[in-house]
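I'd like to ask you about the structure that follows.
FYI, it's all coordinate maths here, none of it is from the lab. Computed from a prediction, not measured in an experiment: that's the story for all the values here. All Cβ positions, even for glycine, are placed from backbone atoms using ideal geometry, and neighbour counts span all protein chains on display.
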Amino acid sequence: MNEIRTLGKSGSKLLSKLSAINKTTFTVEDAQYVLPEKSYDALRQLLSRLVRSGWLIRLKGGKYLMVPLEAESPDMWSEDSFVLASASVSGSSTVPARAHVSNPNFKIQYAEYAISYWSALNYYGYTEQIPRTVFVSAPKRETSTSQAILDVPYRLVFLSPKKFFGLAIVWQDNKPVQITDKEKTIIDCLDRPRLCGGIVEAAKGLSEGFKDGIDFSKLSSYARQIGNATVFKRLGFLAESLELPVETWLDDWQKSISKGYSLLDPTQPKQGQYNARWHLIINVLEPNLISKKGSK
C-alpha cells in the first residue's frame, strides 16, 4: 500500500521554515537548524518519509531539493533540468569562478558548476539536436560522473581549474542558472568534441555563433586560455571550411598550433587526409562540415 502523500505536521513545519528563508536546496544540518527540537535520528526519518512521499528529492552529497509547497501534488510537479543540475552540483568546489555577467547590477554567489558542452550549444540555438543528457562542468573531482534526477540523466564533466572560466547567468523558471557563455561553449566543444556530439555539431555551433554575432576576439582569447593547441587547429580549419570572414585572426591561430597532427574529430577513426596547413587529420567528410555554413 502506498504511503499517503501528505506532509504531516513536522514535514509542513520543516518545509515552511526552509521556504521562508529561501532554502529550496538544503542539507540535514540546515534541517536541524530550523527544527532544533528534533533528534538527528528523528530528523533523518522525517526526511526519508518526505522523499518517499515525493516532497523532497534526494541529491548527492547529503543534499535535498524541496518541491514547492504551492505544487498541487508532488508527483504533478517537475523542475527545469538546468535548475536541477544547479541544485545538485552548486557549491561542489572552492575554486574561484570567473564570470562574465551582462548586468553589472545583478549580484549573485557564483557556484562552481556550469551548464556546458552540448547542453549549452542547444540552449543558445546553435544546434537543432536536443541532447537527453544534461552536461555540467565543474572544477573539482567527485566520486561520480553521472546521475539521474527525476528521470533526467546528468553528466558531470571535471575540468582543471584553468579551464573553468567564461561563465554567464541565465534565468530558468525565475531562477538563476550558471552556464558557459557563447564563446566558451564553442571553445569547449572544439576542445572536447565528444561532449557535443562530434565535430559536425561543433561546426554548427561556430557557424550559428557567427550569425549570432559572437565576439571573435573573445573566442581567440578563450582558445589561448584553455591551453590546447588542437583547439586552434580545429578553429582555423572550420573557419576556413565555413568561409567565415576571419582573415585577421588566421595568422595568429596559425602561430598557435603545434607541429604534430591531431584528429579533426576524435569520435571518428584515425584515417583520412592530412591537412598540412592546420596539422589535422581530416577524418570527417568536408561536405558534412561545409553544409553547416551560412551567411550573416
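If R₀ is 35 angstrom, what is the calculated FRET efficiency for the pair Lys17 and Lys140, using the beta carbon separation as r and rounding to 0.05? Don't skip to the end; give the middle numbers.
Numbers: r = 31 Å, r/R0 = 0.87.
Using R0 = 35 Å, I get an efficiency of 0.70.
Taking the number of other C-beta atoms within 10 Å as the exposure measure, put Tyr33, Tyr154 in order starting with the fewest. Mind showing how you got there, number by number?
Working: Tyr33 14, Tyr154 21.
Listing Tyr33, Tyr154 from fewest to most nearby Cβ atoms yields Tyr33, Tyr154.
Additional query: Are there any trypsin sites (Lys or Arg not before Pro) in the range 176-284 that are in a DSSP loop and have at most 15 other Cβ atoms within 10 Å? List them by number. The partial results should precede the final answer.
Values: sites: Lys182, Lys184, Arg194, Lys204, Lys211, Lys218, Arg224, Lys233, Arg234, Lys255, Lys259, Lys270, Arg277; in loops: Lys259, Lys270, Arg277.
Sites meeting the loop and neighbour criteria: Lys259, Lys270, Arg277.
Given a Förster distance of 35 Å, report the FRET efficiency between Asn275 and Ser48 from their Cβ-Cβ distance, rounded to the nearest 0.05. Before the final figure, lay out each step's value.
Numbers: r = 58 Å, r/R0 = 1.67.
Calculated value: 0.05.
Between the range 185-235 and the range 15-36, how far is it from one alpha carbon centroid to the other, in angstrom?
Centre-to-centre (Cα) distance: 42 Å.
If you don't mind, there's one more thing I want to ask. Using 7 Å Cα-to-Cβ label points, what is the Lys162/Lys218 separation (nm, one decimal)?
2.3
How long is the range 8-74 along each principal axis, judged by its Cα atoms, biggest number first, in Å?
Here the spans come out as 30, 23, 20 Å, largest first.
Contact order normalised by length for the range 8-74, with contacts defined as Cα pairs under 8 Å and 6 or more residues apart; what percent is it? If you can, show how the numbers build up before the last one.
Values: 57 pairs, mean separation 22.6, N = 67.
34 percent.
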